[in-house]
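*Asks:* What follows is a structure written as structure tokens; I'll ask about it next.
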Amino acid sequence: QKEVEQNSGPLSVPEGAIASLNCTYSDRVSQSFFWYRQYSGKSPELIMSIYSNGDKEDGRFTAQLNKASQYVSLLIRDSQPSDSATYLCAVNRDNAGNMLTFGGGTRLMVKP
Amino acid sequence: DTEVTQTPKHLVMGMTNKKSLKCEQHMGHRAMYWYKQKAKKPPELMFVYSYEKLSINESVPSRFSPECPNSSLLNLHLHALQPEDSALYLCASSQDRRVPYSGANVLTFGAGSRLTVL
């Protein structure tokens, strides 16, 4: 079993819709979770970080964490074509620092 | 300055060459990282430096040799690479690897150096 799993997609949504991206992780001691956006040929860019169970909202983005189910999700409201990218879920596997393990990424396509 | 700067952006080298990748940050971060990312794959951690000392080596082959000359600079020396080492090499930094669960202690990535080994 992979440590961090994501559906590779592509996930296709129409412009203006809600895109829902999901991630599961295997290590129960993980405490911090991140969503990165990566455009083709570019480096990952941090979108959201979440440390506590529940929802965290930032603009059009909402991260959701359920530690009991070992599940993290990212919702993108009012999806725009510019949101088309690969979204990487990352889990901190070192509780003393920032050793991130990335999921394989989900490719999101927002169609005008 | 909130950037991590990597040079060169692109590098083509033969299997017998010696080259270096460079990374610089002026955010006062004390932890710096090298990640390797192959096409359509997620980044994989290679090395972590904390306060200029190598703290993590993820069993990386010795043909990759990291160096941290000071708190702002991180190098990756390359020697006798193989074609399968062709990838995007990402440098990242964070405030302090020893501070957990801090919203401020997240990784900032550079733009990457795309390496092709012929």
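Where a number appears in this text, it was derived from the coordinates with a stated rule and is not lab data. In this text the structure is predicted, and so the values were computed from the model without any measurement. Cβ sites come from the backbone with ideal geometry, for glycine too, and all protein chains shown count toward neighbours.
*Asks:* With no solvent and one equal point scatterer placed on each C-alpha of the protein assembly as shown, evaluate the Debye formula and give log10 I(q)/I(0) for q = 0.07 Å⁻¹, two decimals.
*Replies:* Reported log10 I(q)/I(0), two decimals: -0.22.
*Asks:* Which percentage, to the nearest 5, of the DSSP beta bridges contained in the protein assembly as shown is antiparallel? Don't jump to the answer; show the numbers that get you there.
*Replies:* On the way: 74 of 82 bridges.
Counting only bridges with both partners in the protein assembly as shown, antiparallel ones make up about 90 percent.
*Asks:* If you don't mind, another one. Under the rule that a partner needs its Cβ under 4.7 Å from the first Cβ, which Cys of the protein assembly as shown have none?
*Replies:* B:CYS68
*Asks:* In addition: What's the longest uninterrupted piece of chain B once you rule out the chymotrypsin sites (Phe, Trp or Tyr not before Pro) that are loop residues per DSSP with at most 15 other Cβ within 10 Å?
*Replies:* On the way: sites that count: B:TYR51, B:TYR101.
That gives B:1-50 as the longest site-free run.
*Asks:* Next up: With only Lys, Arg, Asp and Glu charged, each at its Cβ (+1 for the first two, -1 for the last two), find how big the charge dipole of the protein assembly as shown is about the Cα centre; round to the nearest 20 debye. Could the numbers behind the result be given before it?
*Replies:* Numbers: 25 positive and 21 negative charges, 95 e Å.
Result for the protein assembly as shown is approximately 460 debye, rounded to the nearest 20.
*Asks:* Summarise the partner chain shielding of B:29-42 as one whole number: the mean count of Cβ atoms from other chains within 10 Å of each residue's Cβ. Provide the component values of the computation, followed by the final result.
*Replies:* Values: counts 0, 0, 2, 0, 4, 0, 4, 0, 5, 0, 1, 6, 3, 15.
Whole-number average of other-chain Cβ neighbours for B:29-42 is 3.
*Asks:* Across the residues of B:43-55, average count of Cβ atoms on other protein chains within 10 Å? List each step's numbers first, then the result.
*Replies:* Values: counts 10, 3, 7, 0, 0, 4, 0, 3, 0, 0, 0, 0, 4.
Whole-number average of other-chain Cβ neighbours for B:43-55 is 2.
*Asks:* Please get the size of the charge dipole for region B:1-82, origin at its Cα centre, with Cβ charges of +1 on Lys and Arg and -1 on Asp and Glu, quoted in debye to the nearest 20. Mind dumping the intermediate values first?
*Replies:* Values: 11 positive and 7 negative charges, 84 e Å.
That gives a dipole near 400 debye.
*Asks:* Quote the FRET efficiency, to the nearest 0.05, computed for B:GLU84 versus A:GLU57 with a Förster distance R0 of 35 Å and r equal to the Cβ-Cβ distance. Don't jump to the answer; show the numbers that get you there.
*Replies:* Numbers: r = 42 Å, r/R0 = 1.20.
The formula returns an efficiency of 0.25 here.
*Asks:* Right, another one. When DSSP beta bridges are limited to those with both residues in chain A, what percentage is antiparallel, rounded to the nearest 5? Walk me through the intermediate numbers first.
*Replies:* Numbers: 36 of 40 bridges.
Bridges in chain A are about 90 percent antiparallel.
*Asks:* Moving to a separate point now. Across peptide A:31-43, how many C-beta atoms of other chains are within 10 Å of each residue C-beta, on average?
*Replies:* 3
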